[in-house]
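Only one structure is covered here, and it is reproduced in the block below.
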Amino acid sequence: MELGLNGKVAVVTGGSKGIGYATALLLAAEGAEVAIVAREQESLTSAAERIREQTGKRVLAISADVSVPEEAARAVEETAARFGKVDILVNNAGTSAARPFEQVDGDAWAADLDLKLMGAVHFTKAVLPYMRHAGGGAIVNVTAVGGKTPSASSLPTSVSRAAGLALTKAMSKDLAADRIRVNAVCIGLIRSAQIERKWQATAPELTWDEFAADPRHGIPLGRIGQAREAANVIGFLVSDAASFVTGTSVNIDGGLSAVL
């Protein structure tokens with residue numbers, strides 16, 4: 001399928017590792033020029049170089065804290081200054097923070113919401129003038145299935161993710177007149193550094209494939225997903241192939257979630 005990304009410019013937060021990196025790589029491979037944003041410059045520089053080597057596309061590595069509005073604005077301005085515009089935003093920055101309710105203090109609540117919810121708010125506000133000038137754009141907010149079906153001891157992250165889903169729906173309605181589409185993906189068990197640490201801590205005697213296929217994960221498709229599989233869905237949602245899709249969420253969880 002032709003995704004229609006040639007000549008597009010994308011900003012991917014949390015773009016140096018995991019799903020963010022896989023998404024930036026896919027977008028570049030499909031013809032987009034990409035800015036990846038994260039806090040750690042060394043990881044960013046390495047990721048950008050790998051994407052350039054594999055795709056031949058221009059990649060901008062920007063160190064910024066997404067929770068700070070001024071830094072979000074700077075990152076978007078740097079992207080537009082280098083590439084001339086911004087067509088795509090993938091709000092992917094985030095970490096997993098899952099504890100029982102009584103173990104989450106006020107600082108932890110604020111930090112999680114600042115990173116996962118307000119980071120998306122700051123970057124979306126920053127890209128809007130450029131998308132409007134270009135006549136439209138596409139935004140994907142990366143959330144988690146726990147935002148739809150929170151489990152015990154899943155705070156504060158499940159609440160931040162639920163807020164991200166509400167943000168997606170509300171923004172999709174507000175921005176539709178500007179031809180800016182806003183969607184979300186809800187991530188389940190996808191291979192990441194955190195999952196790999198769990199593998200090494202709980203079952204180091206297993207190969208990755210054996211651990212990923214362990215039936216105790218409860219995944220109907222029978223395995224943990226790969227970051228590129230999440231990137232494939234994100235790539236579709238920001239592409240011309242999804243030109244009539246906005247205000248929705250897609251579970252990328254191998255069927256694990258109990259909700260649509």
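Each reported figure results from applying straightforward, stated rules to the coordinates on display, with no laboratory input. All values derive from a computational prediction rather than experimental measurement. Glycine gets a Cβ as well: all are built from the backbone with ideal geometry, and neighbour counts include every protein chain shown.
Quick look at the numbers
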quantity: Under-5 Å amide H pairs with G137, H placed in peptide plane, nonlocal only; calculated: I180, R181
quantity: Estimated dipole of the chain in Debye, rounded to 20 [Cβ of Lys and Arg +1, of Asp and Glu -1, Cα centre]; calculated: 520 debye
quantity: Amide H within-cut-off set for V11, under 5 Å, with H built and near neighbours excluded; calculated: A35, I88, L89, V90
quantity: The chain: relative contact order as a whole-number percent, Cα under 8 Å and 6+ apart; calculated: 20 percent
quantity: Computed helical MRE - 222 nm, the chain, DSSP H runs ≥ 4 contributing -39500 (n - 2.57), nearest 500; calculated: -13500 deg cm²/dmol
quantity: Binned Cα-Cα distances of region 1-88, short to long, each 5 Å bin given as a whole percent; calculated: 3, 17, 28, 27, 17, 6, 2, 0
quantity: Karplus-derived 3J(HN,Hα), 6.51/-1.76/1.60, for each residue of region 206-219, Hz, glycine and proline x; calculated: 8, 6, 4, 4, 5, 5, 4, 8, 4, x, 5, 5, x, 8
quantity: Net charge over other residues, Cβ less than 14 angstrom from the Cβ of R99 (K, R count +1; D, E count -1); calculated: -4
quantity: All aspartates and glutamates inside 15 Å of K198 as judged from Cα atoms, apart from same-chain residues fewer than 8 positions distant; calculated: D209, E210, D214
quantity: Hz values of 3J(HN,Hα) by residue in region 39-53 - Karplus curve (6.51, -1.76, 1.60), Gly and Pro given as x; calculated: 8, 8, 5, 4, 5, 4, 4, 5, 4, 4, 5, 5, 5, 4, 5
quantity: Taking all pairs of distinct alpha-carbon atoms in region 196-260, Kirkwood radius in angstrom; calculated: 13.9 Å
quantity: Cα lying deepest toward the dipole's positive end in region 140-260, options S160, P220, G235, charges on Cβ; calculated: S160
quantity: Debye, to nearest 20: dipole size of region 3-97, +1 on Lys, Arg Cβ, -1 on Asp, Glu Cβ; calculated: 260 debye
quantity: q = 0.09, 0.17 Å⁻¹, region 1-153: log10 I(q)/I(0) [Debye, one scatterer per Cα]; calculated: -0.29, -0.93
quantity: Under the Karplus curve 6.51 cos²θ - 1.76 cosθ + 1.60, θ = phi - 60°, whole-Hz ³J(HN,Hα) for region 148-157, x wherever Gly or Pro sits; calculated: 9, 9, x, 9, 4, 6, 10, 9, x, 5
quantity: Residue order, fewest to most beta carbons within 10 Å, for L26, L221; calculated: L221, L26
quantity: Calculated FRET value between R132 and E70, using beta carbons and R₀ = 22 Å, to 0.05; calculated: 0.55
quantity: DSSP-loop trypsin sites (Lys or Arg not before Pro) across region 47-121, with at most 16 other Cβ within 10 angstrom; calculated: R58, K85
quantity: Listed residue (A32, I51, L89) projecting farthest to the positive dipole end of region 1-134, Cβ model; calculated: A32
quantity: Flagged links, alpha-carbon separation over 24 Å, of K17/K169; K116/K169; K57/K116; K57/K169; K57/K173; calculated: K17/K169; K57/K116; K57/K169; K57/K173
quantity: Binned Cα-Cα distances of region 134-226, short to long, each 10 Å bin given as a whole percent; calculated: 15, 33, 29, 16, 6, 1
